[in-house]
1. Within the range A:3-146, how many Lys pairs that are eight or more residues apart, or on different chains, come under 16 Å at the alpha-carbon?
2. How large is log10 of I(q)/I(0) for the range A:297-391 at q = 0.10, 0.19 Å⁻¹ when the intensity is taken from the Debye formula with one equal scatterer per alpha-carbon?
3. Around A:Gly94, which amide H atoms from residues at least 5 apart in sequence, or from another chain, sit under 5 Å from its own amide H, with H modelled in the peptide plane?
4. Out of residues 5 or more away from B:Leu161 or on other chains, whose amide H comes under 5 Å of its own, with H placed 1.01 Å from N in the peptide plane?
5. Given N residues in the range A:1-69, what is Rg(Cα) / (2.2 N^0.38 Å)?
6. Can you give me the pair-distance distribution of the range A:223-330, C-alpha pairs, 10 Å bins, whole percents?
7. Taking Cα pairs under 8 Å and at least six residues apart, what relative contact order does the range B:6-152 come out at, in percent?
8. Can you bin every Cα-Cα distance in the range A:45-142 into 10 Å intervals starting at zero and give me the percent of pairs per bin, rounded to whole numbers?
Amino acid sequence: MTEIGLTWPKNFNEVPKAAFTRKDIYAEEMKRIFFGQEWHPVAHESELPNPGDFKTFRLAGVPLLIARDREGVVRVFYNACSHRGNQLETAVMGNKTEFECPYHRWLFDAKGDLVGCPNHRDFLPGFDKSDYPLAQPRFDSFYGLIFVTLSAETETLTEFLGDSQNTLRELLGGDGRLKLLGYQKVRYDSNWKSYTDNDGYHAPLLHQAFKLLNWQGGKGRQFAATKHGHICFESALSVVSGPTVLKDASLIAFKGQDPSVGSRIVSLFPTFVSTKHLDVINLRFATPVDEETVEVHYAYFAHQDDDEDMVLHRLRQSSNLLGPCGLISMEDASIFHRIHIGNHTPGNAIFQKGVHDQSKLESEFLQNDESGNLPRWEYYRSVMGFERAEA
Amino acid sequence: MTQTDTALEAALDALLLADSSALDGKDMEGWLANYAEEDEASYICRSAENSENGLALGFMYDDCRSRLEDRVTFVNDIWVGTFQDYRTRHFVQRVAYQRVDASTISMRSNFSVFMTPTDSGITQVLAAGQYLDTIRLEKAGALKLLSRRAELDTSVLPRYLVYPI
C-alpha cells in the first residue's frame, strides 16, 4: 500500500475536502476499499428470477456476470473469457443457459464450466477443459441480496453486516422474496463519497416538498453498525393527512401493513444505499467511475405476495417518488453535484447536527442527526491510513 | 401504402413542435395543454432497456391526467430553487404514423435532447430515443396527445431530470 500524505483533522466531526477530489487518494481507495476487505452488493436474486436469467454489472470497473443456472442456482463470475480475457457477455440482462465468447468460440454454461472450444487439438499438450472454468470472485448472499468481495481476507458477510442485519432483512420485505419492477440508472458528477455521505442521510430542511405536502417526519432512530460504520434508520411512517397540493394523492399513499416502522434506510460502507419508504422498496447499486463520477442503478421491487393492485401501486409510487427524478429526491441529486463542486475548495467539511463532543464518536443518533455519518468517516480514515492530527 | 395526407402530417408535426417548444421554454402549462383533457391522458418516460425486458418502471410515470397536472406543480411550485437549472433543446422528427380509428392516430418519432447546465455552460446530450404517441383528433379539429411514451435509448442518464423529455 502506498502512503498518501493527508493529515486528518483532530476533531471527529471534520472531513478534509481534499479527500473527495484528489486523484491519488482515489487510486488508493481502489486498492484499499474496492479491492480491499469490504463486501459490495451487486444484485438481488429477484433481478434474475428464472433459470437462465443473468445480469452484468461493473463493480469499480471490474466486469461481473451474475447468472442463474438451469437448476436455479445463482453464481457470480468475472465477465471475461478464461482464455484471452475477452468480455464474455455484453447484454445488461437477459436469459441464456450458455455464454459463447465470439473471439475463439469458447462456450461456457451457466455453472461457469467450459463446455466447448474448437480446435483444442492445437492447444498445449494435456489441455483439459475442466482447468478453464470462468473465474469467480468470492460471493455470498443475504435474503437474496448478492454481495461480492475482491479480497480473500474479508471477514464473513454475516460479520460484515453485524447489527444492520435486522433492518436490512425487514427492508428486503422480511424474507427477501422480491419481484423486480425495473431500474432508473444515472451518473452523478460527484465523488462516490459525496454521494454516499448525502444519499442515506436526509436533512428535512432540504425538502421543500415535505412542507408543501403537509408531511411531517415520523419519529425514529438512527444507529451505526460494525466498525465499518454502516448506517441504519428505522422510523415510524408518517402519512400525509389533510389537504395536499397533489391531485393524485396515491403518490404519497401508504397501502402496506406496518406503519410503526414503515420507513427504513440501510447504508452499507462503502457505496450501497437501500430504502423502504411508504410502499417503495429500493436498492441502489452504486459504483465509482472515476474520482469525479459515480454511477447509481436504482432497482425497485414489489413483494412476491403482493396482489395485482399492490404491484401497480408500488410501480406508480416507485417511478415518481424517490429516484433521480422523484418528487422528494430530485433535489438530493442536485445536492450531490453541488457538494462535489464545493469540495474543490480548501479546508474541511464540518458536521454539526447531533455532535455533542467533537473529540468522541457515538453510535446512536437521532433521526435527523448528520453525526450518524461520523463512524463511517472514522473507519474510512483508518482504512486509508490517514493520521489524525494531534490535539 | 397510406396515401400521403399533407394537411394531417403538417398538423402532426405542429403538435410535435409545440411540445418541444413548451419543454425548451420551461412552459409547463403549455406542455400540459398539448395533452387531451381525458382522464386517461398519460406521459411515461422510460428506458428502452426496461421496456424490452418487460419492466414497466419509468423515470416518470404519469398515467392519468391528474398526474400530468401534478407534474406541472412539481416543476412550477415544489422544486423551485432546489436544483442547478439547465437549458434543453429538443430535436424531433416524425418517423411513421398510422390511423387507428376515426378519432385516433398513432405516431412514432425520434428525439435527441441537448442539455446545457446554466452553471457549467457545457452542452452535452441528455437523452436520445423515440416518442411512441397516441394522438386524439378532437371534434374541433385539434390534435392532442392522448398518450406519450418517451422511450429512452439512454438507459443511464447523465443527470437527474427536472423537466419531462
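Here, each number is a calculation from the coordinates, and none is a lab measurement. As the structure is a prediction and not an experimental result, all values here were calculated from the model. Note that each Cβ is placed from the backbone with ideal geometry, even for glycine, and that neighbours are counted across all protein chains shown.
1. 5
2. The Debye formula, applied to the Cα set alone, gives -0.49, -1.07.
3. A:Phe54
4. A:Cys325
5. Ratio of Rg to 2.2 N^0.38 Å for the range A:1-69: 1.61.
6. 13, 40, 33, 12, 1
7. Averaging sequence separation for qualifying contacts and normalising by length gives 24 percent for the range B:6-152.
8. Per 10 Å bin, starting at zero, the Cα-Cα P(r) for the range A:45-142 comes out as 16, 50, 26, 7, 0 percent.
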